[in-house]
1. Test each condition in (1) in contact (Cβ under 8 Å) with a residue 24 or more places away in the chain; (2) under 21 Å from Ser157 (Cα atoms); (3) surrounded by fewer than 17 Cβ atoms within 10 Å (Cβ to Cβ) for Leu95 and report the one that comes out false.
2. Here's a check for you: in the range 64-75, which residue that is surrounded by 12 or more Cβ atoms within 10 Å (Cβ to Cβ) and of a type in the set (Asp, Glu) is nearest to Phe7 (Cα to Cα)?
3. Scan the range 20-34 residue by residue and report those that are loosely packed, with under 15 Cβ neighbours inside 10 Å and at pLDDT 90 or above.
4. May I ask you to verify whether Asp12 is more than 16 Å from Ser123 (Cα to Cα), exposed (fewer than 15 other Cβ atoms within 10 Å of the Cβ) and without any contact (Cβ under 8 Å) to a residue 40 or more places away in the chain?
5. Go through the range 69-92 and give me each residue that's assigned to a loop (DSSP other than H, G, I, E, B), closer than 21 Å to Ser157 by Cβ and charged (D, E, K, R).
6. In the range 49-63, which residues are part of a loop (DSSP other than H, G, I, E, B) and buried (at least 20 other Cβ atoms within 10 Å of the Cβ)?
7. Among the residues of the range 62-83, are any over 17 Å from the mean Cα position of the chain (by Cα), closer than 22 Å to Leu130 by Cα and at pLDDT below 90?
Amino acid sequence: MIEEIAFHEHRDTIAQLRREVYTSGLLHDIDEFDEAAHHFALFNAAREITGVIRVLRSDEVPKLELQSESDAQDLVFPQDGLIIEVSRGCARKSLTGMPMMKLAMAMQQYAKRQEAAHVVTKSGKRLLPLYQAMGFRVFGRPFYSDWFDDRNTGLMSIPIIYDFVKAPRAVMAAAQPEEEVLCW
């Protein structure tokens, strides 16, 4: 089960889980975006938190995390509609049942319910084909993240975006009289 959780009540659990999963490369367990983010938790049958993920909304924060990356200042973000940024997703390594996929699907459902126009995140080169198979596209050059030790690990972040297809509202044409056609 995945539910939204209060950051202040679960701060220590979130930090501990991030330390456990991101064993190297995470520069801060908690960062300046956590206060403004919506946090979601994956619970097991015993109601223990086994995974977490966070969401930033462009209508609630002045800048998204991706917009704050010093090496990614040339990113051009869409100007139409709500942008949801998904980040810091992690789940205990011992879990089975694709916990990260469950979190990702829950975030897609959240974005749809919020009528988001776009979802942004960052990926490493290894997972990029999976994201692309799900409909994400790259929208900027790879960069070294300010929140991970990318410069020492040599792993770069790739900014990716999913554009929700919003069908234009049908315009009702004025009713025209139809000819009667007989078919045998």
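The values are calculated or read from the model by the stated rules, or taken from the named source; none is laboratory data. This one's a predicted model, so the numbers in the text were calculated from it and none came from an experiment. So basically every Cβ, Gly included, is an ideal-geometry build from the backbone, and we count neighbours across all protein chains shown.
1. The failed condition is (2).
2. The first filter runs over the range 64-75 and keeps only residues surrounded by 12 or more Cβ atoms within 10 Å (Cβ to Cβ), leaving 64-69, 71-72, 75.
Checking the rest, the ones that are also of a type in the set (Asp, Glu) come to 65, 69, 71.
On the way: Glu65: 17, Glu69: 23, Asp71: 28 Å.
Here the answer is Glu65.
3. Those that are loosely packed, with under 15 Cβ neighbours inside 10 Å and at pLDDT 90 or above: Ile30, Glu32.
4. Details: more than 16 Å from Ser123 (Cα to Cα): yes; exposed (fewer than 15 other Cβ atoms within 10 Å of the Cβ): yes; without any contact (Cβ under 8 Å) to a residue 40 or more places away in the chain: yes.
The answer is yes for Asp12.
5. Initially, the range 69-92 is screened for residues assigned to a loop (DSSP other than H, G, I, E, B), giving 69, 73-82, 92.
Next cut, closer than 21 Å to Ser157 by Cβ only: 69, 73-78.
Within the range 69-92, Glu69, Asp74 meet the criteria.
6. Keep residues of the range 49-63 that are part of a loop (DSSP other than H, G, I, E, B), which gives 58-63.
Passing the criteria: only Ser58.
7. no
Each row is one residue, and each column tells you yes or no for (1) of a type in the set (A, V, I, L, M, F, W, C); (2) within 22 Å of Glu4 (Cα to Cα); (3) buried (at least 17 other Cβ atoms within 10 Å of the Cβ).
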{"residue": "Ala91", "(1), (2), (3)": "yes, yes, yes"}
{"residue": "Met100", "(1), (2), (3)": "yes, yes, no"}
{"residue": "Ala104", "(1), (2), (3)": "yes, yes, yes"}
{"residue": "Arg113", "(1), (2), (3)": "no, yes, no"}
{"residue": "Ala116", "(1), (2), (3)": "yes, yes, yes"}
{"residue": "Pro142", "(1), (2), (3)": "no, no, yes"}
{"residue": "Asp149", "(1), (2), (3)": "no, no, no"}
